[in-house]
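Visitor: Right, I'll just put the structure down here and ask away after.
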Amino acid sequence: RRLRVAGPGGRWSRGLEVGALPRPAARHTERGVAAMFKWLADDAQRAKDGKVFGDVAGNLRRLYNEHLLPVEAAHMFHHFYSPPLADADFTARPMVLLMGQYSSGKTTFIRHLLGRDYPGMRVGPEPTTDRFVAVCHGEQDSVMPGNALVADRSQPFTQLSHFGNAFLSKFECAKCNSAPLEGLTLIDTPGILSGEKQRLQRGYDFESIVSWFADRVDMILILFDVAKLDISDELRRAIMGMRGNDHKIHIILNKADCCTTPQLMRIYGALMWNLGKIIDTPEVCRVYIGSFWDERLANDEQRRLFESEETDLYWALAQMPRGAAVRKLSDLIKRARLAKVHAYLMDYLRSKMPYMVGGAKKQKEMIANLTKIYQEIAKSNGIALGDFPDPRMMQEKFAGCNFKDFAKLSAKKMEALERMLSVELPKLLLLIPNESERTKAAGISQIGGTASPFGLMKDQRNEWYRCPDVDMYRSDFADLRPNRDGKVAGQAAKVRFVESKLPSGVLHKIWMLADLDGDGYLTLYEFALAMHLINMRLDGHDLPNELPPSMLPPDQDQI
């Protein structure tokens, strides 16, 4: 309360009591001091709220370590679900997991995508890939064994050490210099055979490892050979173990050039029938049909279909680095919601245990009625039932636990977790657009920026973004009998446009783009532009929302 205040004549008085000042002056000084400290507190809060690490990955890592990890550690989350996240999990490149029966073309697909062999690769009609291979980017070709790879904290594979030496001896990292690998990491897997011999003699839990990868990758590609549509028991278990990651699964029907069009229709129907019995979702998985290798097509009846399917797949792969930040944010939100539910569940089970006798009986009773407990917790805490884990899985996990050992719920930790979900993570959404804009797409050679008559359609659209050839449409324009001003009316042009059989909505958009002066009539150039846009749409390209400058006439008198 002692302040240095200005005295008469502008001099400073030391040690003057606020109470010694006249009442109006004292009140004014107190308000000024309070405002000053409030401003300092607000400034500190602004600095705290604005604490960023320059990118989304750094913020996610900070929020996980500060808010989510303490809740996970207190309530045995890592025992029931998955190990704690490492720093590399937030900064790693997007990963693509490739699975399938033996000789379905997984390794050949990687060679086709990279345009080269990766170190240690071997391709053949027999089962050749007998290990998990992480194909990563490196300046020099090299192969790193699994035991050394899990010790490298810059890679997101450190947690795989929990699967033991039997798996690590069948796991390696192949590094090579290839443009697609600058934005992606590809995970090649052993081919899956039929029968119990392979499952029993692998020496490691194949389904658990596939499930671990499925939780962390950005896309799962399951390849099928058109001549081998059967789904073995091990593949069925592996796919069922990916539940919760169904949105990441994409199907590739490979080697489709080996059959005719009627055969391909029947094969596609049989594949969807088989998948419908395993992937228990109302939505149909995206199926890409084609032949993903560099050899000649045995049957090119459906070349246009194959090119269209390859376009969609390669474009999705190329754009994955730009969507990695959103995926990591979504995965962290999903994990945080699960940890929140798990903490409430563990606290509920602990609180219902008797203090003296009858603990074992009560515990068995609660395990048997786990679904009802879910409903009680959801109702009392306002949690969606969809956030709760599979009750059958939890009943198996709880069988070996003592509920009295569970930790009590910490209100402080749960408040921090709730703040992360409701305040901190929504703030990160504001950084996503800038993060995506700064991130480059993966360098997939099949969709390179150079125009080519054999390039993908999403890249070929640049060839259409040019001025139309007026002479090509001059005779058609003359047949419509333009008026004295050299223009044709809308009704006259409509007859010519509907011959394209495009929907009226598309033709309306084309008219709005082509009628440059908006007078309801078309000049020769505007008519040529409209026909150019019609042919562009018929060739499978999307129309621009606004006419690009490259399609405007060089001479404004042509409008």
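Where a number appears in this text, it was derived from the coordinates with a stated rule and is not lab data. Bear in mind the structure is a predicted one, so any value in this text is a computation, not a measurement. Cβ atoms come from the backbone with ideal geometry, glycine included; neighbour counts cover every protein chain shown.
Visitor: Quick one: Karplus J couplings for region 69-79, per residue in order, coefficients 6.51, -1.76, 1.60, θ = phi - 60°, nearest Hz, x for Gly and Pro?
Guide: Once θ is set to phi - 60°, the couplings for region 69-79 become 4, x, 5, 4, 5, 6, 10, 6, 4, 6, 6 Hz.
Visitor: Which far-off residues, 5 or more places away or on another chain, put their amide H under 5 Å from the one on residue 183, with H placed in the peptide plane?
Guide: Hits under the 5 Å cutoff: 443.
Visitor: Tabulate in residue order the Karplus-calculated ³J(HN,Hα) for region 184-190, using 6.51 cos²θ - 1.76 cosθ + 1.60 with θ = phi - 60°, rounded to whole Hz; enter x for Gly and Pro.
Guide: Residue by residue, region 184-190 yields 9, 10, 9, 10, 8, 10, x Hz.
Visitor: Looking at region 53-161, which GluC sites (Glu not before Pro) are DSSP coil and have at most 10 other C-beta atoms within 10 Å of their C-beta?
Guide: Details: sites: 66, 72, 139; in loops: 139.
For GluC sites (Glu not before Pro) across region 53-161 that sit outside H, G, I, E and B with at most 10 neighbouring Cβ atoms in 10 Å, the list reads 139.
Visitor: Still on this structure: So what J values fall out for region 312-318 if you push phi through Karplus, 6.51 cos²θ - 1.76 cosθ + 1.60 with θ = phi - 60°, rounded to Hz, Gly and Pro as x?
Guide: Result, rounded to whole Hz: 5, 5, 5, 5, 5, 5, 5.
Visitor: Just to confirm the filter: which trypsin sites (Lys or Arg not before Pro) across region 240-326 are DSSP coil and have at most 15 other Cβ within 10 angstrom of their Cβ?
Guide: 243, 277, 296
Visitor: Additional query: Calculate the tail of P(r) for region 153-302: the fraction of all Cα-Cα distances greater than 26 Å, expressed in %. Mind showing how you got there, number by number?
Guide: Working: 3970 of 11175 pairs.
In whole percent, the long-distance tail amounts to 36.
Visitor: Given region 462-559 reduced to its alpha-carbon atoms as identical point scatterers, what log10 I(q)/I(0) does the Debye formula return at q = 0.10, 0.12, 0.13, 0.22 Å⁻¹?
Guide: Here the Debye-derived log intensity ratios amount to -0.23, -0.33, -0.39, -1.23.
Visitor: I would also like to ask the following. Just list whichever of 372/408; 170/340; 277/379; 328/352; 364/408; 361/408 have alpha carbons separated by over 29 Å in the model shown. Intermediate values should be presented prior to the final figure.
Guide: Details: 372/408 21 Å; 170/340 36 Å; 277/379 33 Å; 328/352 36 Å; 364/408 20 Å; 361/408 21 Å.
Cα-Cα > 29 Å for 170/340; 277/379; 328/352; rest within.
Visitor: Here's a follow-up. Name the residues whose placed amide hydrogens come within less than 5 Å of the amide hydrogen of residue 136, ignoring near sequence neighbours (fewer than 5 apart) on the same chain.
Guide: 174, 175, 176
Visitor: Further question: Quote the convex hull volume per residue of region 218-296, based on C-alpha atoms, as a whole number of Å³.
Guide: Numbers: hull volume 7.7 nm³, N = 79.
Convex hull of Cα atoms, per residue: 97 Å³.
Visitor: Starting from region 76-140, pick out the trypsin sites (Lys or Arg not before Pro) whose DSSP state is loop and whose Cβ has at most 11 other Cβ atoms within 10 Å.
Guide: On the way: sites: 106, 111, 116, 122, 131; in loops: 116, 122, 131.
Here the sparse-neighbourhood loop sites are 122.
Visitor: Moving on to the next point. Between residue 87 and residue 380, what's the calculated FRET efficiency when r is the beta-carbon distance and R0 is 45 Å? Round to 0.05.
Guide: On the way: r = 36 Å, r/R0 = 0.81.
After rounding, the FRET efficiency stands at 0.80.
Visitor: Across every pair of different alpha-carbon atoms, what Kirkwood hydrodynamic radius in Å does region 142-232 reach? Intermediate values should be presented prior to the final figure.
Guide: Values: mean 1/r = 0.0665 Å⁻¹.
Its Kirkwood hydrodynamic radius stands at 15.0 Å.
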